[in-house]
Amino acid sequence: MLLGEPPVLSVGDGAEKKDDDAARPVPPGKVDHVLCVEDDPDIRALVELALGTVGGLAVTSCASGREALDRVAAVRPDVVLLDVMMPEMDGIETFERLAAGSETAPPPVIFMTAKVQPREVERYLSLGALGVIAKPFDPMTLAADVRRLCGCP
Amino acid sequence: MAQGVQLEEIGTTGNPCRVLLVEDNVADARLTRELMAEAGDFEVRWASRLGEALESLRREPADIVLLDLLLPDGIGIEVIERLRAAAPETPIVVLSGLGEDDLALARRAVLRGAQDYLPKSAVDGNLLKRTLSTAIERARLENALRRREAQLEEAQALARMGDWWWRPGDREIGFSAQLFRLIGRDRDGFTATLRSVLRILEPAARTQLLRAIRDLRAGASSRELLLAVRPPEGAPRFFRVELRRQPETPDRPGGLYGVCQDVTEQRLVERMKDEFVSVVSHELRTPLTALLGALRLLRGLHGERLDEQARELLEVAARNGDRLKLLVDDLLDLERIENGGLHFEPQPVELGGFLRELLAQYDSYATEFGIELELELPAAELSCRTDPGRLAQAVGNLLANAVKFSPPGEKVRVCLSVADSRFRIAVTDRGPGVPPEFQPRLFEKFAQADSSDQRRGRGTGLGLAIVKAIVERLGGSCGFETGPGRGSTFHIELPRAA
């Protein structure tokens, strides 16, 4: 498709018919600190530039789901930007463990993935993700996209 | 050989029939030769012993052998077998005595490969001639049938295919030799009753097969199944099984028949292809994400500081990176649509609003090419059940093409109409039209009229193939009208009640 589908899908998009409001996460309303979980070092570097240099946000990067689980309590991010296809522990498992292992409310999660078939997106949202950002993403607008999904004014 | 001799022509002048007479009784031999001379144009050569006859056949073939079964160097069925071994396709007519034992032996000879028999003392010229003619014709048909059967078996082996038949009242199901081989069972060790067939199937396959048989007996004409069969050892193998019902007629009982094909390897290849596509998807997109992201950041953060030439080069890299991304997306889409991997979710769609929204999305793209988009809607609202995302992709591809091929300053018109039981979305451009030689391939993959299109149009050569694949999955059809210089109209038709 030439123009493509919108790269950012928020919770509301395409999921309005679902009525399980209980699983719906609440957008934090503010973003200062993002935890990025991504196994590809080049893409990690891009995300850091896009959110930090372009977007003015604090970014902590993790190279695996395991590392993210170890560090999330100390980092206390406002939102987690989570890759789906990762070796060993994939994004879905990381997401589920984040939710299960947290004593306080777990941080909201935005999946960042090339797997954005309507069905796949629906699955991420029904799991309780805040939103989905499609890869390839535009680093010049990534911070704005994250802010929008987090419900920032 | 026999093939050249036609039934009605045997023994006529100018078309002599070469007969080898094998007879140890000199008087009988003379009598037979006299009869033949009367009956027509026969070239008779005579052998008094089996050894002599075999030697004669080696030297020169005969159209037919006329044979006494009681020879000094060979007696009975053995004679037939040795002759068959020496000349497997030459017809044999047995000359027999009139006694009960003689006739019984002659009949046995026919069962073992002779084409016919003649009681010696009851023979006249006409009977002899007619018997030889039918024997030659019968051998010709038998030989042809044997050759076809051998070819069929070879073809089945090559296709990993077998056939089966089940006549009413039969306990055993008929299996072709190749089918026994495919299921890894020996013809002698495996009796193909329904019960034993069910026993070698996986449990789910048993239910499937029984249901299909029940359906056919209830009047269905055919069924096709994919059954998992347990080989004597190793993992289950998968068979595509076709079942057909033979309609009953007064002279022929009904029954079931069909073919089976071992598709285990095909299934494996398909699964590997799916995995391959998924892996390629990820492996291509990851570096593309990094590449495109880096280029955009370079432009966004440092573009100001670059000189014009560097900025131009950056644009070249970014534009081609985008093209690569489109190509990967299109290839994966097409693969998924064609192989049913893409999920379609039909829902009620009001087509007027749908098109208005779609045109708005493409507005800036059209402006870039200096094209104006125009929408023509009928007075009434038209709604249909379809997948809006996929339909948008199909119509979007048509729009993008129309914009791309129209000269700047022109309009591209999108028209929604309804005819009979179908909705029609037509996209009309003012482009050069589709060259006639290119029209038949238009909806094929990578079909572009000439290679310069690619540079000009940012196309992947997959757009129309995707349109066709999507529209067919949506139960509709697509087509076009075009003329040189008149532009083209591409349309999508969707069933009204889908």
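The values are calculated or read from the model by the stated rules, or taken from the named source; none is laboratory data. Given the structure is predicted, the values throughout are model-derived calculations rather than measurements. So basically every Cβ, Gly included, is an ideal-geometry build from the backbone, and we count neighbours across all protein chains shown.
If you go through region A:39-58 one residue at a time, how many are farther than 12 Å from B:Leu301 by Cβ and within 7 Å of chain B (Cβ to nearest Cβ)?
Qualifying residue count for the region: 3.
Which ones in region B:195-219 are of a type in the set (A, V, I, L, M, F, W, C), surrounded by 14 or more Cβ atoms within 10 Å (Cβ to Cβ) and either within 20 Å of B:Gln178 (Cβ to Cβ) or touching a strand residue (DSSP E or B) at 6+ places or on another chain (Cβ under 8 Å) (or both)?
Just the residues of region B:195-219 that are of a type in the set (A, V, I, L, M, F, W, C), to begin with: B:197-198, B:200-201, B:204-205, B:209-210, B:212-213, B:216, B:218.
Of the ones still in play, those that are also surrounded by 14 or more Cβ atoms within 10 Å (Cβ to Cβ) are B:197-198, B:200-201, B:205, B:209, B:212-213, B:216.
Correct list: B:Val197, B:Ile200, B:Leu201, B:Ala205, B:Leu209, B:Ala212, B:Ile213, B:Leu216.
How many residues does region B:229-254 contain that are surrounded by 11 or more Cβ atoms within 10 Å (Cβ to Cβ) and either under 17 Å from B:Met161 (Cβ atoms) or polar (S, T, N, Q) (or both)?
Adding up the residues that qualify gives 11.
When region B:73-106 is examined, which residues are found to be in contact with a Ser or Thr (Cβ under 9 Å, 6 or more places away or on another chain) and either at pLDDT below 90 or farther than 14 Å from B:Glu52 by Cα (or both)?
Narrowing region B:73-106 to residues in contact with a Ser or Thr (Cβ under 9 Å, 6 or more places away or on another chain): B:83-84, B:93, B:95, B:97-98, B:102-103, B:105-106.
Residues satisfying the conditions are B:Arg84, B:Val93, B:Leu95, B:Gly97, B:Leu98, B:Asp102, B:Leu103, B:Leu105, B:Ala106.
Being among the basic types (Lys, Arg), out of contact with any helix residue (DSSP H, G or I) (no Cβ under 7 Å at 6 or more places or on another chain), more than 10 Å from chain B (Cβ to nearest Cβ) and outside any strand (DSSP E or B) narrows it down to one residue among A:Arg119, A:Arg97, A:Arg123; which is it? Walk me through it before giving the result.
Numbers: A:Arg119 fails: more than 10 Å from chain B (Cβ to nearest Cβ); A:Arg97 fails: out of contact with any helix residue (DSSP H, G or I) (no Cβ under 7 Å at 6 or more places or on another chain).
Every option except A:Arg123 fails the conditions.
Need the failing condition index for B:Gly389 against (1) more than 20 Å from B:Lys445 (Cα to Cα); (2) modelled with pLDDT under 90; (3) not assigned by TED's automatic domain parsing to the domain that holds B:Val418, just the number.
Exception for B:Gly389: condition (3).
Within region B:115-129, can you find the residues that are assigned to a strand (DSSP E or B) and not acidic (Asp, Glu)? Show your work before the answer.
Step one: of region B:115-129, the residues assigned to a strand (DSSP E or B) are B:116-119.
Scanning region B:115-129 gives B:Tyr117, B:Leu118, B:Pro119.
Given the conditions (1) buried (at least 19 other Cβ atoms within 10 Å of the Cβ); (2) in the same structural domain as B:Trp165 (by TED's automatic domain parsing); (3) of a type outside the set (Gly, Ala, Ser); (4) in contact with a Phe, Trp or Tyr (Cβ under 9 Å, 6 or more places away or on another chain), which single one is not true for B:Thr289?
The one condition B:Thr289 does not meet is (2).
Which ones in region B:351-384 are in a helix (DSSP H, G or I) and either away from every other protein chain (no Cβ under 14 Å) or basic (Lys, Arg) (or both)?
Step one: filter region B:351-384 for residues in a helix (DSSP H, G or I), giving B:351-368.
Within region B:351-384, B:Leu351, B:Gly352, B:Gly353, B:Phe354, B:Leu355, B:Arg356 qualify.
I'm told A:Met112 meets every condition in (1) within 30 Å of B:Leu391 (Cβ to Cβ); (2) part of a helix (DSSP H, G or I) except one. Can you identify the failing condition by its number?
The number of the failed condition is (2).
Determine whether region B:158-170 contains at least one residue that is over 30 Å from B:Pro231 (Cβ atoms) and in a helix (DSSP H, G or I).
Scanning region B:158-170, I find no residue that is over 30 Å from B:Pro231 (Cβ atoms) and in a helix (DSSP H, G or I), so the answer is no.
Checking B:Leu83 against (1) assigned to a helix (DSSP H, G or I); (2) surrounded by fewer than 16 Cβ atoms within 10 Å (Cβ to Cβ), which test does it fail?
Condition not satisfied by B:Leu83: (2).
Do we find a residue being surrounded by fewer than 18 Cβ atoms within 10 Å (Cβ to Cβ), away from chain A (no Cβ under 14 Å), among the aromatic types (Phe, Trp, Tyr) and in a helix (DSSP H, G or I) anywhere in region B:261-281?
Looking for residues that are surrounded by fewer than 18 Cβ atoms within 10 Å (Cβ to Cβ), away from chain A (no Cβ under 14 Å), among the aromatic types (Phe, Trp, Tyr) and in a helix (DSSP H, G or I), one finds at least one in region B:261-281, hence yes.
Find all pairs meeting these conditions: Cβ atoms under 9 angstrom apart; at least six residues apart or on different chains; first residue within region B:293-322 and within 11 Å of chain A (Cβ to nearest Cβ); second residue among the hydrophobic types (A, V, I, L, M, F, W, C) and not in a helix (DSSP H, G or I).
Matching pairs, first to second residue: B:Gly293/A:Phe137; B:Arg296/A:Met140; B:Leu297/A:Met140; B:Leu298/B:Leu306; B:Arg299/A:Met140; B:Arg299/B:Leu306; B:Gly300/A:Met140; B:Leu301/A:Met140.
Kindly check whether there is at least one residue in region B:328-347 that is within 45 Å of the chain's Cα centre (by Cα) and either of a type in the set (Ser, Thr, Tyr) or more than 14 Å from every other protein chain (Cβ to nearest Cβ) (or both). Reasoning before the result, please.
Restricting attention to region B:328-347, the residues satisfying the condition of being within 45 Å of the chain's Cα centre (by Cα) are B:328-347.
With either of a type in the set (Ser, Thr, Tyr) or more than 14 Å from every other protein chain (Cβ to nearest Cβ) (or both) added as a condition, the list becomes B:338.
Yes, region B:328-347 contains at least one residue that is within 45 Å of the chain's Cα centre (by Cα) and either of a type in the set (Ser, Thr, Tyr) or more than 14 Å from every other protein chain (Cβ to nearest Cβ) (or both).
Among the listed residues B:Leu105, B:Leu128, B:Leu182, which satisfies the condition of being touching a Cys at 6+ places or on another chain (Cβ under 9 Å) and crowded, with 19+ Cβ neighbours inside 10 Å? Lay out the reasoning, then the answer.
Values: B:Leu105 fails: touching a Cys at 6+ places or on another chain (Cβ under 9 Å); B:Leu128 fails: touching a Cys at 6+ places or on another chain (Cβ under 9 Å).
None of the others qualify; the one that does is B:Leu182.
Taking B:Leu227, is it modelled with pLDDT of 90 or more, touching a helix residue (DSSP H, G or I) at 6+ places or on another chain (Cβ under 8 Å) and either part of a helix (DSSP H, G or I) or over 26 Å from B:Ile337 (Cα atoms) (or both)? Step through it out loud before you land on a result.
Numbers: modelled with pLDDT of 90 or more: yes; touching a helix residue (DSSP H, G or I) at 6+ places or on another chain (Cβ under 8 Å): yes; either part of a helix (DSSP H, G or I) or over 26 Å from B:Ile337 (Cα atoms) (or both): no.
So B:Leu227 does not fit the description; no.
Taking B:Arg223 and the conditions (1) touching a residue at least 24 places away in the same chain (Cβ under 8 Å); (2) away from chain A (no Cβ under 14 Å); (3) buried (at least 17 other Cβ atoms within 10 Å of the Cβ), which numbered condition does it fall short on, given that it satisfies the others?
Result: B:Arg223 fails condition (1) only.
A quick yes/no check of all residues on (1) within 40 Å of the chain's Cα centre (by Cα); (2) within 23 Å of B:Arg473 (Cβ to Cβ):
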{"position": "B:Glu350", "(1), (2)": "no, yes"}
{"position": "B:Glu357", "(1), (2)": "no, yes"}
{"position": "B:Ala366", "(1), (2)": "no, no"}
{"position": "B:Glu374", "(1), (2)": "no, no"}
{"position": "B:Gly389", "(1), (2)": "yes, yes"}
{"position": "B:Gly409", "(1), (2)": "no, no"}
{"position": "B:Ala419", "(1), (2)": "yes, yes"}
{"position": "B:Val434", "(1), (2)": "yes, no"}
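Only one of B:Arg138, B:Arg147, B:Arg171 is without any contact (Cβ under 8 Å) to a residue 40 or more places away in the chain and either among the hydroxyl-bearing types (Ser, Thr, Tyr) or under 30 Å from B:Val65 (Cβ atoms) (or both). Can you tell me which? Break it down stepwise before answering.
Numbers: B:Arg138 fails: without any contact (Cβ under 8 Å) to a residue 40 or more places away in the chain; B:Arg171 fails: either among the hydroxyl-bearing types (Ser, Thr, Tyr) or under 30 Å from B:Val65 (Cβ atoms) (or both).
None of the others qualify; the one that does is B:Arg147.
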